[in-house]
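Here is the structure we will look at.
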Amino acid sequence: MNIERKEFLNLVGISIGAIILQNCMSGCSKTSDPTPAVVSPITPVPPTTGGTTIVSGFTGNNLLSKGVIDFSVDITKSDFEILKTNGNALVSGDVIIARTKTGNFLVVEKACTHQGTTVDFVSDNSTFKCPNHGSIFNSSGGVTNGPAAKALKSYSVAFDTAKNILKVI
Ligand code: FES
């Protein structure tokens, strides 16, 4: 009985030692792989009723089903004011408007070319990442990581700093 008890205590001691060692090793290991900041775009008020845009600060067309993408947004208006801050992004119709950490604007189609999921903006490196299967697109919409094989369409932008109007074509 005493031998069994000794063996038991030895085993318990070894187990506890192993747990402490494992915790120390995982707790003491250094990770140099910080998770990049991923910004899931917000979506302003649903944009259209019968083809008429009702979002404040928006004029033009942001829906592929209605023809050529061509619109302007006033980033001082409440629906778009998050774009006053670098690193933010929002969805407007069929596109995602992102503002890089350095203040530039990027506009690409929102739907991942793999299966259509709305992409997120990764502000740390100005890329777009699909939360569904992980495709990554560069700031111009080009594929840098599959499974998507086709680029996101990107749109030209012009920002009037005096009026705070972003034009997208
Ligand atoms: S839907 Fe985007 S990677 Fe599959």
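Of the residues in the stretch 139-152, at least one is at negative phi, in contact with a strand residue (DSSP E or B) (Cβ under 9 Å, 6 or more places away or on another chain) and more than 16 Å from the ligand (Cβ to nearest atom). Looking only at residues of the stretch 146-155 that are farther than 12 Å from residue 109 by Cβ and surrounded by fewer than 14 Cβ atoms within 10 Å (Cβ to Cβ), we find that the one that is modelled with the lowest pLDDT is 146.
Just one of the numbered conditions (1) farther than 22 Å from residue 71 by Cα; (2) in contact with a helix residue (DSSP H, G or I) (Cβ under 6 Å, 6 or more places away or on another chain); (3) not small (Gly, Ala, Ser) is not true of residue 127: (2).
Of everything in the stretch 124-138 that is open to solvent by 10 Å² or more (accessible area, probe 1.4 Å) and touching a Ser or Thr at 6+ places or on another chain (Cβ under 7 Å), the residue that is farthest from the ligand (Cβ to nearest atom) is 126. Checked against (1) part of a helix (DSSP H, G or I); (2) touching a Leu at 6+ places or on another chain (Cβ under 7 Å), residue 65 passes all but condition (2).
The set of residues in the stretch 88-108 being within 16 Å of the ligand (Cβ to nearest atom), open to solvent by less than 30 Å² (accessible area, probe 1.4 Å) and in contact with a Leu (Cβ under 8 Å, 6 or more places away or on another chain) consists of 96, 108.
One residue alone among 85, 59 is under 15 Å from residue 169 (Cα atoms), modelled with pLDDT under 95, surrounded by fewer than 18 Cβ atoms within 10 Å (Cβ to Cβ) and away from the ligand (no atom under 16 Å from the Cβ), and that residue is 59. Only one of the numbered conditions (1) more than 16 Å from the ligand (Cβ to nearest atom); (2) open to solvent by 40 Å² or more (accessible area, probe 1.4 Å); (3) part of a loop (DSSP other than H, G, I, E, B); (4) more than 18 Å from residue 56 (Cα to Cα) is violated by residue 158, and that is (3). Check off (1) out of contact with any helix residue (DSSP H, G or I) (no Cβ under 9 Å at 6 or more places or on another chain); (2) crowded, with 17+ Cβ neighbours inside 10 Å for residue 116 and give me the number that stays unchecked. Among (1) out of contact with any helix residue (DSSP H, G or I) (no Cβ under 9 Å at 6 or more places or on another chain); (2) crowded, with 17+ Cβ neighbours inside 10 Å, residue 116 violates only (2).
The values are calculated or read from the model by the stated rules, or taken from the named source; none is laboratory data. Only a predicted model underlies this, so the values are computations on that prediction, with no experimental measurement involved. Note that each Cβ is placed from the backbone with ideal geometry, even for glycine, and that neighbours are counted across all protein chains shown. The protein model used for the area step is the full one, side chains on, heavy atoms only, and it has no ligands, DNA or RNA in it. Shrake-Rupley method; radii C 1.70, N 1.55, O 1.52, S 1.80 Å.
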